[in-house]
Amino acid sequence: MPRNGKLVRVSLVAAAAAGVAVVAVVIAGTASAKTTAGSVNGAGSTFVAPLVAKWEAPVSSALGISLNYNPVGSGGGVSAITNKQADFGASDAPLSQFDPTCSSCVQIPWALAATGVIYNLGSLQHLNMTGQVLAKIFQGKITNWNSPAITKLNKGKSIPSKQITVVHRSDSSGTTYNFTDYLSHVSSGWKSSVGTGTSVSWPTGEGEAKSAGVAGGVRTTPGAIGYVDVYYAVHNHLGLFKMKNRSGNFVQPRAKGILAAASLDTHPAKDGSLSIVNPPKSKKFRNAYPICTYTYVDVQRSSGGNATNIKKVLSWAITMGQSFGPALIFEPLPKAVVAFDKKQIKKIHS
Amino acid sequence: MTSLDATTDAARRPFPGRRARFGDLILQGTAGIAAVGALVLVGLIVWKIASGARPALHAFGLPFVWHVVWNPVHGREAYGAGSFLFGTAVTSIGALLLATPIALGVALFLSELAPGWIRGPVTALVETLAAIPSVVIGLWGILVLAPILRDHVDPALHSTIGFIPLFGPSSYGSNVFTGIVVLTIMILPIIASISRELFLTVPQELKEGALGLGVTRWEMVRGVVFPYAGGGVAAAMILGFGRAVGEAIAVALVLGDGLGIHLNLFDTGQTLGGKIALNYQGSGSGLETSSLIYLALILLVFSILVNLLAQLIVRRAARRKGLAA
């Protein structure tokens, strides 16, 4: 009897397991069936996410392709495209910054933006700042607002004696990459002790999650300084520094300054990367804002059956798609970059 | 396993000699699958975490556990869990120390002292507090609590008892102390509601007997209620501690993501769970991802140890009472 009971029990277990397996197969089947109906799925950078979200509706109506984007962060985007789990990955840092990286991918700069440096000193607006002083503040070497290094840049403004509270990103971010890349360009001390990355080992300060967290931290902390995507910087009614460029001018992160910087490097390196931080001293870059960046989309060269759709969406994004940018303070790509991008897109095949 | 074997065959089959009915078999089958499924799931999780952490284990070995470093910059990568292990311990222990006396007070008030018309609504409120999602408490912590603590509480503590190194100079709104207060709010209702129910199980005769001997109410609580419910209260504390240890989102939002080991509660910090939650998505390198999974492994081992400790304490308390399982 007991043996018989055990047998029945075992067969029940087996039957239930089979049932679970059938359900799983059915679910998997419906999921994979969905992706074949003219859709392009991407993942990656949160920095570019507002722009891609704006693209979804027009792409659907103009091309009949449904564009789906999952803002999981640049690292997640690169790993998704490396492992072929998505049709494209979006990243703020160039592919060379990732390990493991996607060696079988083409890298396409597809949006242009900037990082704003914000501060909270009550009603004191439009203060001037230089990269060298900024690097010292973020290293914890300048800790008071009325340090001579800061007051010297802002003659005629009465800057109070107040402790500086540094606020930075606690999650990995393309904004951090852009900001630390700039500090590494202007300060050898920063370059050797901290360096450039989507997240770094910060010498000082308080970490907050996402641009909204940094903006909130700066807003609620008198004497705070932080950096955010320029869209947040402009819309948060906080103090926004005019940054000194190498031509000696103090520039706001607005369209004119960003576009001037973008003309620095319109011929991407072989891998598709472009660096436009801290443009040199020249008449051409007189009005350039020094903390600007391209952000990239990465696609597998052999993208299989969906290659045609991916190419259509990307061609649209680098041309028509750019017109949706300025409202979010993403400036249109320079012509030379668009021409380069078209060549890159041609490399994608099935 | 042992408790299953201890159950006699007769207990499993209420009518010996009769064939097991189909319904019983279905019950046994489904329950058995669920039990095995839970075991398999835990096994898979452990296996997956261990295999994900292998590259970091290989690169840093055991010293990873106490090294205080986290540098994801390409070309100078170095990782260690020391800072986050310290942050986890400080915030959880701090929260436990703050929450326990308050929770016991709430539980005693609701079970022994409060008039009937207060009991019901306040009990319901305490239980509601336990059900608030941690991300909501975290947001509230950032938007409401952190500025209040930074502007009023932290400076006041620093200027009055600042000679204690724990209460050093403060400037950050997000700091270890804010994290402790947020965690306290999260675990307080857990400890309070479990303790309240335990206090209610203390036999009325014992309490009345004590009072009949002429002791005060406090002496009755100390001499009868606490000893009777002690083991359970300890388990409730450890349950709360376990939640504080595993909490990621709320503390990730209010700790300020600092690196380092320091006494000052008003400086920034980070926990194991918080670091994983903040950095897993954007992780730029295989080694960073693997190191984050290594943090998860440490967290897992830590939680299992806490759980085992809780079971040990409850079992010892039960044995002392003569109710050994």
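The values are calculated or read from the model by the stated rules, or taken from the named source; none is laboratory data. All of these numbers come straight from a predicted model, not from anything done at the bench. Note that each Cβ is placed from the backbone with ideal geometry, even for glycine, and that neighbours are counted across all protein chains shown. The protein model used for the area step is the full one, side chains on, heavy atoms only, and it has no ligands, DNA or RNA in it. Shrake-Rupley method; radii C 1.70, N 1.55, O 1.52, S 1.80 Å.
For the range A:337-344, the condition of being open to solvent by less than 10 Å² (accessible area, probe 1.4 Å) and polar (S, T, N, Q) holds for at least one residue. Taking the range A:76-135 as the range and being within 14 Å of another protein chain (Cβ to nearest Cβ), touching a residue at least 24 places away in the same chain (Cβ under 8 Å), buried (at least 19 other Cβ atoms within 10 Å of the Cβ) and not in a loop (DSSP other than H, G, I, E, B) as the test, the residues that pass are A:GLY76, A:GLY77, A:VAL78, A:ALA80, A:ILE81, A:GLY89, A:ALA90, A:SER91, A:LEU95, A:GLN97. Among the conditions (1) over 30 Å from B:ILE191 (Cβ atoms); (2) within 13 Å of chain A (Cβ to nearest Cβ), B:ALA53 misses just one, which is (2).
On inspection, A:VAL166 fails the criterion of being in the same structural domain as A:ILE225 (by TED's automatic domain parsing), without any contact (Cβ under 8 Å) to a residue 24 or more places away in the chain and under 21 Å from A:LYS244 (Cβ atoms).
What about B:GLY87, is it under 21 Å from B:VAL306 (Cα atoms), out of contact with any Asp or Glu (no Cβ under 6 Å at 6 or more places or on another chain) and within 14 Å of chain A (Cβ to nearest Cβ)? Yes. Applying the criterion of being free of Cβ contacts under 8 Å to residues at least 40 places away in the same chain and crowded, with 19+ Cβ neighbours inside 10 Å to the residues of the range B:215-247, the residue that is nearest to the other protein chains (Cβ to nearest Cβ) is B:ALA229. Annotation for the range A:51-70: at least one member residue is within 14 Å of chain B (Cβ to nearest Cβ), closer than 24 Å to A:GLY305 by Cα and free of Cβ contacts under 8 Å to residues at least 60 places away in the same chain. Scanning the range A:230-254 for residues that are of a type outside the set (Val, Ile, Thr), open to solvent by less than 50 Å² (accessible area, probe 1.4 Å) and more than 18 Å from the chain's Cα centre (by Cα) gives A:ASN236, A:LEU238, A:GLY239, A:LEU240, A:PHE241, A:MET243, A:ASN245, A:SER247, A:GLY248, A:GLN252. Looking at B:SER193, is it of a type in the set (S, T, N, Q), open to solvent by 10 Å² or more (accessible area, probe 1.4 Å) and more than 11 Å from every other protein chain (Cβ to nearest Cβ)? Against the criterion (of a type in the set (S, T, N, Q), open to solvent by 10 Å² or more (accessible area, probe 1.4 Å) and more than 11 Å from every other protein chain (Cβ to nearest Cβ)), B:SER193 qualifies. Collect the residues in the range A:158-210 that are open to solvent by less than 20 Å² (accessible area, probe 1.4 Å), small (Gly, Ala, Ser) and not in a loop (DSSP other than H, G, I, E, B), keeping them in residue-number order. Correct list: A:GLY174, A:SER184, A:GLY207. Test B:GLY138 against the criterion of being modelled with pLDDT under 90, under 16 Å from B:LEU265 (Cα atoms) and not hydroxyl-bearing (Ser, Thr, Tyr), and give yes or no. So B:GLY138 fails the test. Just for the range B:248-261: of the residues that are over 14 Å from B:SER83 (Cα atoms) and surrounded by fewer than 24 Cβ atoms within 10 Å (Cβ to Cβ), which one is farthest from the other protein chains (Cβ to nearest Cβ)? Across the range B:248-261, the extreme among qualifying residues is B:ALA248. Look at (1) more than 14 Å from every other protein chain (Cβ to nearest Cβ); (2) of a type in the set (D, E, K, R); (3) open to solvent by 60 Å² or more (accessible area, probe 1.4 Å) and you find that B:ARG76 fails only one, number (1). Selection of the range A:217-229 for residues being more than 7 Å from chain B (Cβ to nearest Cβ) and surrounded by fewer than 23 Cβ atoms within 10 Å (Cβ to Cβ) yields A:ARG219, A:PRO222, A:GLY223. Condition test on A:ASP271, is it within 20 Å of the chain's Cα centre (by Cα), open to solvent by 30 Å² or more (accessible area, probe 1.4 Å) and free of Cβ contacts under 8 Å to residues at least 24 places away in the same chain? Criteria not met by A:ASP271.
Yes or no, residue by residue, for (1) charged (D, E, K, R); (2) in a helix (DSSP H, G or I); (3) out of contact with any strand residue (DSSP E or B) (no Cβ under 8 Å at 6 or more places or on another chain):
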{"residue": "A:THR308", "(1), (2), (3)": "no, yes, yes"}
{"residue": "A:ALA327", "(1), (2), (3)": "no, yes, yes"}
{"residue": "A:LEU333", "(1), (2), (3)": "no, no, no"}
{"residue": "A:LYS342", "(1), (2), (3)": "yes, yes, yes"}
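Within the range B:152-174, restricting attention to residues that are open to solvent by less than 80 Å² (accessible area, probe 1.4 Å) and more than 18 Å from B:HIS262 (Cβ to Cβ), the residue that is nearest to the other protein chains (Cβ to nearest Cβ) is B:PRO155.
Residue count for the range B:278-308 satisfying the condition of being more than 9 Å from every other protein chain (Cβ to nearest Cβ), open to solvent by 20 Å² or more (accessible area, probe 1.4 Å) and among the small types (Gly, Ala, Ser): 2.
To keep it simple, each residue is scored yes or no on (1) more than 30 Å from A:SER74 (Cα to Cα); (2) modelled with pLDDT of 95 or more; (3) touching an Asp or Glu at 6+ places or on another chain (Cβ under 9 Å).
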site: A:ASN128; (1), (2), (3): yes, yes, no
site: A:LYS136; (1), (2), (3): no, yes, no
site: A:TRP145; (1), (2), (3): yes, yes, no
site: A:GLY156; (1), (2), (3): yes, no, no
site: A:PRO160; (1), (2), (3): yes, no, no
site: A:GLN163; (1), (2), (3): yes, no, no
site: A:GLY174; (1), (2), (3): no, no, yes
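Only one entry in B:VAL135, B:VAL68 is in contact with a Ser or Thr (Cβ under 7 Å, 6 or more places away or on another chain), closer than 30 Å to A:THR180 by Cβ and open to solvent by 50 Å² or more (accessible area, probe 1.4 Å), namely B:VAL68.
Of all the criteria given as (1) within 14 Å of chain B (Cβ to nearest Cβ); (2) assigned to a helix (DSSP H, G or I); (3) at pLDDT below 90; (4) open to solvent by less than 70 Å² (accessible area, probe 1.4 Å), the one not satisfied by A:ARG9 is (4). Being of a type in the set (Ser, Thr, Tyr), modelled with pLDDT of 85 or more, assigned to a helix (DSSP H, G or I) and closer than 18 Å to B:ALA244 by Cα, is that true of even one residue in the range B:153-166? No, the range B:153-166 contains no residue that is of a type in the set (Ser, Thr, Tyr), modelled with pLDDT of 85 or more, assigned to a helix (DSSP H, G or I) and closer than 18 Å to B:ALA244 by Cα.
For B:GLY80, indicate whether it is on the phi > 0 side of the Ramachandran plot and not hydrophobic (A, V, I, L, M, F, W, C). I'd like the intermediate steps shown before the answer.
Values: on the phi > 0 side of the Ramachandran plot: no; not hydrophobic (A, V, I, L, M, F, W, C): yes.
Spelling it out, it is not the case that B:GLY80 is on the phi > 0 side of the Ramachandran plot and not hydrophobic (A, V, I, L, M, F, W, C).
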